Amino acid sequence: MAAPAAVQPERRLPLRTVRTILLAAVLVLLVPYVLTPFYALGHPVSTLMLWRTMTGRPVERRWIDLAAMSPYLPRSVVAAEDAKFCTHHGIDWGALREVMDDAEDGEVSRGGSTITQQVAKNLFLWPGRSYVRKALELPLALWIDLVLPKRRILEIYLNIAELGPAGQFGVEAGANYAFNRSAAGLGPREAALMASILPNPVRRSARTPGPGVRRLAATYIMRAQAQGLQTCWGERR
């Protein structure tokens with residue numbers, strides 16, 4: 001009769017290795033919080049821009065200061081993406097609760113991310129829907145709103161958002177692709193068309209807008225006109 005095979009002892013990572021891994025993970029999570037104050041200056045790039053560059057795909061981005069842009073652009077984008085941008089502190093809790101309620105009811109989840117959340121995602125995280133990404137994004141959005149002024153948050157967003165089907169990032173590259181002109185010279189309709197493609201600039205086009213994009217643009221023009229006389233980014237109408 002054959003002797004029973006010896007039971008192999010369970011192999012575990014040494015405690016020192018576990019501690020090293022946990023410390024490394026904590027340090028990685030802290031990097032965005034350390035970098036954010038430095039983004040008060042300079043021309044930050046998004047993780048998607050970096051990834052496209054690393055994988056050999058084209059990236060076109062020409063930074064343009066907020067003061068040099070057409071005033072219709074920030075107004076249209078805020079009207080389209082985050083109507084409460086000037087009043088919340090990084091997160092629109094009401095919109096977030098509505099998204100969570102929709103998910104519980106089995107309805108298709110609507111976009112509830114603020115511009116600040118999108119800046120957090122674009123600068124430090126990754127695209128696509130993920131509960132892990134969202135859990136990282138929320139506190140980071142609160143931190144960004146705390147350490148950066150609204151004007152700078154909006155300026156960064158308008159310079160890192162994807163706005164074209166072939167690696168165009170930021171409103172300057174997007175305006176040149178769609179209208180063959182600088183973002184400084186866009187009128188209200190052109191600005192609203194660009195805001196209308198922000199959810200998916202690969203499938204939506206400001207250059208050859210379909211009926212849906214045109215309808216959205218008309219809505220955003222009216223919303224932008226309804227905004228107050230003074231904005232939180234210092235521009236007066």
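The values are calculated or read from the model by the stated rules, or taken from the named source; none is laboratory data. None of the values given here were measured: they were computed from a predicted structure. Cβ coordinates were reconstructed from backbone atoms using ideal geometry, including for glycine residues, and neighbour counts include every protein chain displayed. Quick note on the areas: whole protein, heavy atoms, side chains included, nothing else; ligands and nucleic acids left out. Shrake-Rupley method; radii C 1.70, N 1.55, O 1.52, S 1.80 Å.
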Checklist outcome for this item: Residues of the stretch 178-220 being open to solvent by less than 40 Å² (accessible area, probe 1.4 Å) and among the β-branched types (Val, Ile, Thr), in sequence order, are 197, 213
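Matching residues to (1) among the β-branched types (Val, Ile, Thr); (2) touching a residue at least 60 places away in the same chain (Cβ under 8 Å); (3) under 30 Å from residue 47 (Cβ atoms):
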site	(1), (2), (3)
173	no, yes, yes
178	no, no, yes
187	no, yes, no
206	no, no, yes
212	no, no, yes
Checklist entry - Residues in the stretch 225-232: is at least one of a type in the set (S, T, N, Q), farther than 30 Å from residue 56 by Cβ and part of a loop (DSSP other than H, G, I, E, B)? => result yes
Checklist entry - Does the stretch 204-212 contain at least one residue that is of a type in the set (Ser, Thr, Tyr) and closer than 30 Å to residue 54 by Cβ? => result yes
Next on the checklist: Here's a check for you: in the stretch 213-235, which residue that is modelled with pLDDT of 95 or more and more than 22 Å from the chain's Cα centre (by Cα) is farthest from residue 65 (Cα to Cα)?
Outcome noted: 215
